[in-house]
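Asks: This is the structure, below, for whatever I ask next.
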Amino acid sequence: MRLRRGGIALEVERSHLAATIPDVSDKVLLFVHGLCMNDLQWSRGGRHRGTNLAHELGWTPVHLHYNTGLHVSTNGRALAGLLEKVVSEWPVPVRELAIIGHGCGGLLARSAHFYGTSAGHRWPKGLRYLVFLGTPHHGSALERAGNYATLLLRSTPYSLPFARIARIRSAGITDLRYGNLVDEDWEGIDRFQHSADRRLPLPLPGGVRCFAIAASKGGLAGGFGARWAGTRNQRARSYSPHLTNG
């Protein structure tokens, strides 16, 4: 896990950051990519609208690069430690911090806030905004379907080899079944077996303005495409009121 700008890794050390980032500000905007992606996939047509907007509003954008195959909670604990170091080594005192998370990147941001707060870190107190882009807070229907498919493949000796292939799914992917955020959500269970949603209740961080952005490929709300295409926030309507409470 590391911070990058323009695809180049940043050394989280005060003099290096000051020399590498021109016009560094006291407002830091962190972009956290999603599953099987990287920090270079925020641009479209050669333009990075998020970075452009950050510059217009006086924020300094940086990108997280991390292994999405690890458990969300493993990455969350690592990100919490990294952000604490960033706050300590940033060339100017950090006044505000914002995180934009795409897909499981949003889950990672929530996990990091939990572990940072639990460890008594300073950076959670400066977190002002959390933006979730298509984050499956209550899990992905596709991963749950994949879990059932794996169980069916194991039911006969003829399909068993395909079941073994299905079991190479990473911990990061199986965490998306229900939206796991902390170690206790997955410890002590076989992640390839069917199990109920056993997540610990983890509310959104208080004092942070949270925003959810979601979209559907389906032509009709509630249609097949809306229910199954992509990572789906299955309870968007019931969840979004909580996301708007700062």
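Asks: Provide the net charge surrounding Val62, with neighbours chosen by a C-beta distance below 13 Å and charges set as Lys +1, Arg +1, Asp -1, Glu -1.
Replies: Charge balance in the 13 Å sphere: +2.
Asks: With the calculation restricted to Cα positions, what are the radius of gyration and Dmax of the range 75-131 in angstrom?
Replies: 10.6, 31
Asks: If Val94, Val86 are ordered by their accessible area, calculated over protein heavy atoms with a 1.4 Å probe, which sequence runs from highest to lowest?
Replies: Final ranking, largest accessible area leading: Val94, Val86.
Asks: Turning to a different aspect of this structure: Compute the label zone of Glu11 within the range 68-92: residues whose backbone N is under 19 Å from the point 7 Å along Cα-to-Cβ.
Replies: Of the residues in the range 68-92, 82-83, 85-92 have backbone N under 19 Å from the label point off Glu11.
Asks: How large is ³J(HN,Hα), in whole Hz, for each residue of the range 94-107 in order, when computed from phi with the Karplus curve 6.51 cos²θ - 1.76 cosθ + 1.60 and θ = phi - 60°, using x for Gly and Pro?
Replies: 7, 8, 9, 10, 9, 10, 10, x, 9, x, 5, x, x, 5
Asks: Hey, rough spin-label estimate for Ser118 and Asn67, points 7 angstrom out along Cα→Cβ, what's it come to in nanometres?
Replies: If labels sit at Ser118 and Asn67, their model points lie 2.0 nm apart.
Asks: Multiply the residue gap between Asn52 and Tyr129 by 0.36 nm, knock off their C-alpha separation, and tell me the result in nm, one decimal place.
Replies: Net length gain for the segment: 26.0 nm.
Asks: Let me ask you something else. Cα centroid distance between the range 1-49 and the range 168-186, in Å?
Replies: Here the answer is 26 Å between Cα centres.
Asks: Among Leu204, Leu70, what's the order by accessible area (1.4 angstrom probe), most exposed first?
Replies: So the residues, ranked largest to smallest area, are Leu70, Leu204.
Asks: Can you tally the net charge around Gly116? Count Lys and Arg as +1, Asp and Glu as -1, for every other residue whose Cβ sits under 10 Å from the Cβ of Gly116.
Replies: +2
Asks: Phe211: net charge of surrounding residues, Cβ under 14 Å, Lys/Arg +1, Asp/Glu -1, itself excluded?
Replies: Net local charge, Phe211 excluded: +3.
The values are calculated or read from the model by the stated rules, or taken from the named source; none is laboratory data. A quick note: this is a predicted structure, and the numbers were derived from the prediction, not measured. Cβ sites come from the backbone with ideal geometry, for glycine too, and all protein chains shown count toward neighbours. Areas reflect the complete protein model, heavy atoms only, side chains present, ligands, DNA and RNA absent. Shrake-Rupley method; radii C 1.70, N 1.55, O 1.52, S 1.80 Å.
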